[in-house]
Amino acid sequence: MGILDTLFKKKESGFGGGSMNVSIPPVLPEQIYEKASLELQDVIAPSALKIESKSINLGDKIARTFFIISYPRYLTDNWFSPIINLDKIFDISIFVHPIDTAIILRQFQKKVAEVQSQINVRQAKGMVRDPMLDTAYQNLEELRDNLIQAQEKMFDVGIYITIYADNEMELFKIENEIKSMLESKLIYIKPALFQQEDGFKSVIPINTDLLNIHQKLNSQPLSSVFPFISFDLTSDKGILYGINRHNSSLVIFDRFSLENYNSVTFAKSGSGKSYATKLEILRSLMFDIDVIVIDPEKEYEFLSEAVGGRYFNISLSSDHHMNPFDLPIPREDETAEDVLRSNIINLVGLFRLMLGGLTPEEDSMVDRAISETYAMKDITPESDFSNIEPPLLSDFEMVLAGMDNSDSVVQRLAKYTRGSWSTFLNRPSNVDINKKFVVFSIRDMEDELKPIAMYIIMHYIWNTIRKNLKKRLLVVDEAWWMMKSEDTASFLYSIAKRGRKYYLGLATITQDAADFMKSPYGVPIITNSSIQILLKQSPTTIDILQKTFNLTDEEKYLLLESDVGEGIFFAGLKHVAIKIISSYTEDQIITSDPSQILINRKAKEEHEEAEMNSTGSRF
């Protein structure tokens, strides 16, 4: 007897005028806890269940189960893929029951005899030949031969599909969409009338075929039912870029397995482009890939500290210098003459950028002056570049000043050799990038000098990369700075084209797609990038990106409505909707959230203070 029943008994007994003592057993806390605990079925069960002839109501959802009743004579490969990749909520169960070959052969023998008898009867009566009977006879004989030779096997195959919707109208639309897809391939389905309960139980993952509605298929057509053909970008090796938003599969890819190793990333400010890049860097370092970053906003400093990298803050007051006249040591497949000529061409582009453009006469004069400056230091195509002292910018100025009609160029060059900007350029190189992770920050550099600084840094990196062959990734954040000038954009494009030869992947990141596309080198850089990542976009740039990447209207609106860290990932000819994810530890290292950065800094300061206090207490 329950407690409430006992209480009601006591109350009823009291109305009779007499007295009755009822002892109520004490209720222990453990009993109350056990009564309130939920079983697994209580957690996963819907709030209500209603079974009808053509559907099942599961709480606030409606489910309907179908089965395939007919197939065409031939099934094409991937005929099931449009259904599997349908952007709807549904479940599919495929039951494959092997049939004993001896049993099926006896049935075939009887069937062949029946078909042969019908053909003979028609011939005896002088009737016209029936092509359907002839075809059926040929198919039966061919299949029987394959079964006897063990080249084929027979199976009873049941394919059940359960679709879900919020209301009857939505369910009707999904049903018609699936039917039209299958009927276009001469495959027909029917709802499990008055068997929706058995159909639903057959589809849920308990491996029970209660419907038992099968069609006989041999091995070859059965292979076309292979279900694992959904859109994905999962390869055997590479790093995890994120989750496929379509089917929750992993987007794992190795950029160094493609025809080139470059990538471009477009996203509006605050949409997670730097976060995604830092996540790729962190995971690439685990695969023994050297990473070099040009950082215009000082976003990679904490990551550099966390992984034991090297961080260079490039500014007018910086102690780090890079001499643009440095020369790399020629590789085995290069000559000193090739290296010297290439460096002179790049230097002419640099001076064109530094001096605000050059006339054809000035361009020729600068080219000649660079060659004479190297010659002044006994650097010629026959020199050994491993034992040379490269000239400085002041040496170039001295040579240039001795040429006719060079006054204008010398005056413009003076601010880099003797003026306020001389501390940046007119110094020997003292930067060593022999580390797994290297960051060049140019946040503290004046905006006017940022394109020049990026050019010089990339020129220095390029010369270093050419010294030895190694798997490397060069990240250029806020690349629109370099697209402002034709010379810097051209140099970036040349690295994109030539990087593969030196095992270098170039990752170009920008938030200003419009400025990037305005450059004549914008689209060529994209076409020379095997990986393209588009995250959340603003309405002002989406039309440009739609035209450049041939996006559908659905993909266009997906980019406009995406959350932070969501977008489209292109790799070669494939692309999927992606969501960037990270572990808790990774997030603590790479986060760009200012509030989280302040918390991390405070924790670091408290940790350092605690270490100092503990050290002081020991003394």
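The values are calculated or read from the model by the stated rules, or taken from the named source; none is laboratory data. Keep in mind that this is a model prediction, so the values were computed, not measured. Backbone-built Cβ (ideal geometry, glycine too); neighbour counts: all protein chains shown.
Quick check, is residue 276 assigned to a helix (DSSP H, G or I), surrounded by fewer than 18 Cβ atoms within 10 Å (Cβ to Cβ) and assigned by TED's automatic domain parsing to the domain that holds residue 444?
The answer is no for residue 276.
Report whether or not residue 224 is in contact with an Asp or Glu (Cβ under 6 Å, 6 or more places away or on another chain), among the polar types (S, T, N, Q) and in contact (Cβ under 8 Å) with a residue 12 or more places away in the chain.
Against the criterion (in contact with an Asp or Glu (Cβ under 6 Å, 6 or more places away or on another chain), among the polar types (S, T, N, Q) and in contact (Cβ under 8 Å) with a residue 12 or more places away in the chain), residue 224 qualifies.
Could you tell me which residue of region 257-273 is farthest from residue 506 (Cα to Cα), considering only residues that are surrounded by fewer than 23 Cβ atoms within 10 Å (Cβ to Cβ) and charged (D, E, K, R)?
268
Every residue, every condition in (1) out of contact with any Asp or Glu (no Cβ under 8 Å at 6 or more places or on another chain); (2) at pLDDT 85 or above; (3) of a type in the set (Val, Ile, Thr), yes or no:
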| residue | (1), (2), (3) |
| --- | --- |
| 304 | yes, yes, no |
| 313 | no, yes, no |
| 323 | yes, yes, no |
| 326 | yes, yes, no |
| 331 | yes, no, no |
| 340 | yes, yes, no |
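Answer yes if at least one residue in region 282-291 is surrounded by fewer than 20 Cβ atoms within 10 Å (Cβ to Cβ), among the polar types (S, T, N, Q) and at pLDDT 85 or above, and no otherwise.
no
For the condition within 14 Å of residue 266 (Cα to Cα), touching a strand residue (DSSP E or B) at 6+ places or on another chain (Cβ under 8 Å) and among the basic types (Lys, Arg), what is the one hit in 470, 536?
From the options 470, 536, the qualifying one is 536.
Checking residue 508 against (1) in a strand (DSSP E or B); (2) farther than 21 Å from residue 269 by Cα, which test does it fail?
It fails just one condition, (2).
Could you tell me whether residue 117 is of a type in the set (Ser, Thr, Tyr) and under 39 Å from the mean Cα position of the chain (by Cα)?
Answer is no for this residue.
Does region 173-182 contain any residue that is under 16 Å from residue 219 (Cα atoms) and within 45 Å of the chain's Cα centre (by Cα)?
no
Would you kindly identify the helices (runs of 4 or more DSSP H) lying entirely within region 339-457 that contain at least 3 residues that are surrounded by fewer than 18 Cβ atoms within 10 Å (Cβ to Cβ) and not assigned by TED's automatic domain parsing to the domain that holds residue 479?
The helices (runs of 4 or more DSSP H) meeting that bar are 360-376, 393-401, 407-417.
Could we say that residue 143 is at pLDDT below 85, of a type in the set (A, V, I, L, M), out of contact with any Cys (no Cβ under 9 Å at 6 or more places or on another chain) and within 17 Å of residue 105 (Cβ to Cβ) here?
yes
Residue 112 fails exactly one of the following numbered conditions: (1) out of contact with any Leu (no Cβ under 6 Å at 6 or more places or on another chain); (2) without any contact (Cβ under 8 Å) to a residue 60 or more places away in the chain; (3) of a type in the set (A, V, I, L, M, F, W, C); (4) farther than 30 Å from residue 199 by Cα. What is the number of that condition?
Exception for residue 112: condition (1).
Given the options 213, 159, 206, name the one that is part of a loop (DSSP other than H, G, I, E, B), of a type outside the set (D, E, K, R) and surrounded by 18 or more Cβ atoms within 10 Å (Cβ to Cβ).
One residue alone meets the criteria, 213.
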